[in-house]
Amino acid sequence: MPAILPFTRRGLLFVLSSPSGAGKSTIARKLLASDDNLAMSVSATTRPMRPGEVDGVDYHFVTVERFREMVADQEFLEWAHVFGHRYGTPKAPVEAMLAKGCDVLFDIDWQGAQQLFQQAGGDVVRTFIFPPSLDELERRLRARGTDSDEVIDARMARAANEISHWDGYDYVLVNDDVDRCFRDVASILESERLKRSRQTSLIGFVRSLTRPG
């Protein structure tokens, strides 16, 4: 559970990125299950819905035409093309979650992380998760049993590109043990919440402690 502070703070935009198969979605689910003050940003996408997915929970599934309208109307915090489909973060739901005092978790790639940082700057915390090796990454992708060889080859090619942008992140971790990696990510989140620069009422609180009796 997050620490209870005697003063208010600005919300965080907490980014998790990794190549597909490196474990960021698993860690994101564990974070959300363990932290009541964290809410998931649900992306909009033009890709088809997969079996078991729920519109508005896993993604907001929209047409290409609707996605283009949202881009034109500046409704996204960030968006990108990935594997032939468009993905983007709707701005309004994120702003609503921050207004309610929730930190917001983003499962996005390096392009999205870069765009988000350009818009929100110091309120963005970026963490990149490496696989233990490319061989292990490919093994995990094949073990899913959901993608063709062609798709797996494309994901592996993209992984090398994504890994090359590791230095655009504030923190980097290797997911060779998902429980340990989760604990490290949770520690990063808690530490960032406690940063002095994010405590919006800190000056008033300190003055109340130092005011002569």
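Restricting the search to the stretch 27-41, which residues are without any contact (Cβ under 8 Å) to a residue 60 or more places away in the chain and under 23 Å from Val172 (Cα atoms)?
First, the residues of the stretch 27-41 that are without any contact (Cβ under 8 Å) to a residue 60 or more places away in the chain: 29, 33, 36.
Hits for the stretch 27-41 are Arg29, Ala33.
Of the residues in the stretch 143-158, none is within 27 Å of Leu194 (Cα to Cα), among the hydroxyl-bearing types (Ser, Thr, Tyr) and outside any helix (DSSP H, G or I).
Output the residue which, of all residues in the stretch 165-181 that are assigned to a loop (DSSP other than H, G, I, E, B) and in contact (Cβ under 8 Å) with a residue 40 or more places away in the chain, is surrounded by the most Cβ atoms within 10 Å (Cβ to Cβ). Even if it seems obvious, please write down each step before you answer.
Going residue by residue through the stretch 165-181, those that are assigned to a loop (DSSP other than H, G, I, E, B) are 165, 169-170, 175-177.
Those still in the list that are in contact (Cβ under 8 Å) with a residue 40 or more places away in the chain too: 165, 169-170, 175-176.
Working: His165: 15, Tyr169: 19, Asp170: 14, Asn175: 24, Asp176: 13.
Per the criteria, the residue is Asn175.
Checked against the criteria, Asp135 does not count as in contact (Cβ under 8 Å) with a residue 24 or more places away in the chain and of a type in the set (Asp, Glu). Residues of the stretch 64-79 that are assigned to a helix (DSSP H, G or I), under 23 Å from Ala120 (Cα atoms) and not charged (D, E, K, R): Phe67, Met70, Val71, Ala72. Can you name every residue in the stretch 182-203 that is loosely packed, with under 11 Cβ neighbours inside 10 Å and out of contact with any helix residue (DSSP H, G or I) (no Cβ under 8 Å at 6 or more places or on another chain)? Within the stretch 182-203, Ile203 is the sole residue that qualifies. Residue check: Glu162 meets all listed conditions (1) out of contact with any Pro (no Cβ under 9 Å at 6 or more places or on another chain); (2) in a helix (DSSP H, G or I); (3) among the charged types (D, E, K, R); (4) crowded, with 18+ Cβ neighbours inside 10 Å but one, namely (1).
Residues checked against (1) of a type in the set (A, V, I, L, M); (2) under 30 Å from Arg193 (Cβ atoms); (3) touching a strand residue (DSSP E or B) at 6+ places or on another chain (Cβ under 6 Å):
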| position | (1), (2), (3) |
| --- | --- |
| Val64 | yes, no, no |
| Gln74 | no, yes, no |
| Leu77 | yes, yes, yes |
| Phe83 | no, no, no |
| Lys100 | no, yes, no |
| Asp103 | no, yes, yes |
| Gln111 | no, yes, yes |
| Gln114 | no, yes, no |
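Residue count for the stretch 38-63 under the criterion of being of a type outside the set (D, E, K, R), outside any strand (DSSP E or B) and either surrounded by 15 or more Cβ atoms within 10 Å (Cβ to Cβ) or in contact with a Leu (Cβ under 6 Å, 6 or more places away or on another chain) (or both): the result is 5.
Picking from Leu116, Leu209, which residue would you name as being in a helix (DSSP H, G or I), crowded, with 19+ Cβ neighbours inside 10 Å and hydrophobic (A, V, I, L, M, F, W, C)? Give the derivation first.
Details: Leu209 fails: crowded, with 19+ Cβ neighbours inside 10 Å.
Within the list Leu116, Leu209, the selection yields Leu116.
Counting the residues of the stretch 107-163 that are of a type in the set (Ser, Thr, Tyr) and modelled with pLDDT under 90 gives 2.
Results for (1) under 15 Å from the mean Cα position of the chain (by Cα); (2) not basic (Lys, Arg), shown as yes or no for each residue.
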| site | (1), (2) |
| --- | --- |
| Ala157 | no, yes |
| Ile163 | no, yes |
| Asp176 | no, yes |
| Asp179 | no, yes |
| Phe182 | yes, yes |
| Ala186 | yes, yes |
| Arg193 | no, no |
| Gln199 | no, yes |
| Arg211 | no, no |
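Filter the stretch 64-81 for residues that are without any contact (Cβ under 8 Å) to a residue 40 or more places away in the chain and buried (at least 16 other Cβ atoms within 10 Å of the Cβ); which is farthest from Phe117 (Cα to Cα)?
Pass one, the stretch 64-81, residues without any contact (Cβ under 8 Å) to a residue 40 or more places away in the chain: 64-76, 79-81.
Next, only the ones that are buried (at least 16 other Cβ atoms within 10 Å of the Cβ) stay: 67, 70, 75-76, 79-80.
Numbers: Phe67: 22, Met70: 20, Glu75: 16, Phe76: 13, Trp79: 13, Ala80: 15 Å.
So the residue we want is Phe67.
The values are calculated or read from the model by the stated rules, or taken from the named source; none is laboratory data. Predicted model only: the values in this text are computed from it and were never measured. FYI the Cβ positions are ideal-geometry reconstructions off the backbone, even for glycines, and counts take in every protein chain you see.
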